Amino acid sequence: MRTLFIGDVHGCAEELDALLSECGWRPDDRVVLVGDLVAKGPDSAGVVRRARERGFLAVRGNHDAHVLRWRAGRGPKGKTLKPEHQQVLDTLTPEDWAWLEAQPLYRRFPELNVIAVHGGLVPGVPLEEQKEDELLNLRSITQDGTPSKRVDGGEPWGSRWKGPELVIFGHDAMRGIQRHPHALGLDSGCVYGGRLSAYVLPECRLVSVLAKRAYVDVDASP
Ligand SMILES: Nc1ncnc2c1ncn2[C@@H]1O[C@H](COP(=O)(O)OP(=O)(O)OP(=O)(O)OP(=O)(O)OP(=O)(O)OC[C@H]2O[C@@H](n3cnc4c(N)ncnc43)[C@H](O)[C@@H]2O)[C@@H](O)[C@H]1O
């Protein structure tokens, strides 16, 4: 059986279809989306529906977690919901929400020696002791080992991850595809007009398709 790990889709349903086609996706392939299925792009509900109906697996991304919190009435106090998240709340069906809520923060694939997570893992911390915010939002590690959610907050966390598992992650569109000895970043910025990327095992093949257009202007992003 093949396993296709796919980077941040962010509602780019047409690009997801194109990528699956480029990979030669068959229903007996296992597909694992590494988080941020929703928000920013044009068709979050279409992405979740495809994943749900086709039996894909996913891990939860920071945007998925954010809309789930609002849906549960636990949005940050005194804050208003951004349009990109309101659109998700307005369009997902109850079945979509149930599926999204069932997605964990990380998944282990022992037979592949792979861990899938959206943000990252703090090197040296056992998997079960990793904090939720870092699993969702980690990007960098400072010289003294402090985790940071900022791109300029140190070196990429993946460069310090020593294995033994290969960690496949997303969340870092600014750095794009990251190849470290034991970590592979798959967010190639599709929603910003970049590419949507997949890593196919056991072939060890990186496949990507161009975004049809930029749905978010990087310069206009907060
Ligand atoms: N209390 C609160 N009140 C209201 N809202 C709240 C909230 N707490 C959380 N939220 C909202 O909930 C969401 C999740 O928040 P949170 O979980 O806090 O994540 P975040 O890292 O702050 O969210 P970002 O939107 O910055 O990052 P991202 O996950 O979209 O990463 P990406 O790499 O694509 O993008 C990161 C950046 O990189 C830029 N970028 C990406 N690619 C490129 C490129 N190639 N070149 C230049 N810039 C690029 C993007 O424009 C973007 O700015 C956010 O929208 C946040 O604002």
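The values are calculated or read from the model by the stated rules, or taken from the named source; none is laboratory data. All figures in this text were calculated on a predicted structure; none of them were measured in a lab. Neighbour counts run over all protein chains shown; Cβ positions are idealised from the backbone, glycine included.
Annotation: of all residues in segment 7-39 being among the β-branched types (Val, Ile, Thr) and either more than 17 Å from residue 215 (Cβ to Cβ) or more than 13 Å from the chain's Cα centre (by Cα) (or both), the one that is nearest to the ligand (Cβ to nearest atom) is 34.
Among the residues making up segment 93-131, those that are touching a Phe, Trp or Tyr at 6+ places or on another chain (Cβ under 9 Å) and either of a type in the set (A, V, I, L, M) or under 14 Å from residue 62 (Cα atoms) (or both) are 114, 115, 116, 117, 118, 119, 120, 121, 122, 127. Could you tell me whether any residue of segment 53-61 is in a helix (DSSP H, G or I), away from the ligand (no atom under 16 Å from the Cβ) and surrounded by fewer than 22 Cβ atoms within 10 Å (Cβ to Cβ)? Yes, there is a match, as at least one residue in segment 53-61 is in a helix (DSSP H, G or I), away from the ligand (no atom under 16 Å from the Cβ) and surrounded by fewer than 22 Cβ atoms within 10 Å (Cβ to Cβ).
Hey, could you check segment 159-173 for residues that are within 14 Å of the ligand (Cβ to nearest atom) and not in a strand (DSSP E or B) and say which is surrounded by the fewest Cβ atoms within 10 Å (Cβ to Cβ)?
In the first step, residues of segment 159-173 are kept if they are within 14 Å of the ligand (Cβ to nearest atom); the result is 169-173.
Add one more test, that the residue is not in a strand (DSSP E or B), and what stays is 170-173.
On the way: 170: 28, 171: 27, 172: 26, 173: 22.
Looking at the filtered set, the residue picked out is 173.
Scanning segment 175-221 for residues that are of a type in the set (Ser, Thr, Tyr), closer than 23 Å to residue 31 by Cβ and not in a strand (DSSP E or B) yields 188, 192, 215. Just checking, does segment 162-181 include any residue being in contact with a His (Cβ under 9 Å, 6 or more places away or on another chain) and either of a type in the set (Phe, Trp, Tyr) or more than 27 Å from residue 201 (Cα to Cα) (or both)? The answer is yes; a qualifying residue exists.
Taking the conditions exactly as written (free of Cβ contacts under 8 Å to residues at least 24 places away in the same chain and either surrounded by fewer than 22 Cβ atoms within 10 Å (Cβ to Cβ) or within 23 Å of residue 211 (Cα to Cα) (or both)), does residue 77 satisfy them or not? Criteria met by residue 77. Check segment 144-151 and report whether any residue there is within 13 Å of the ligand (Cβ to nearest atom), of a type in the set (Ser, Thr, Tyr) and modelled with pLDDT of 95 or more. Looking for residues that are within 13 Å of the ligand (Cβ to nearest atom), of a type in the set (Ser, Thr, Tyr) and modelled with pLDDT of 95 or more, one finds at least one in segment 144-151, hence yes.
Could you pull out the residue among 51, 39, 58, 65 that is small (Gly, Ala, Ser) and over 21 Å from residue 115 (Cα atoms)? Answer to the check: 39.
A Cβ distance below 9 Å, combined with a sequence gap of six or more or placement on separate chains, defines the contacts here; from segment 142-162, residues that are over 14 Å from residue 172 (Cα atoms) reach residues that are more than 12 Å from the ligand (Cβ to nearest atom) and in a helix (DSSP H, G or I) in the pairs 145/160; 147/157.
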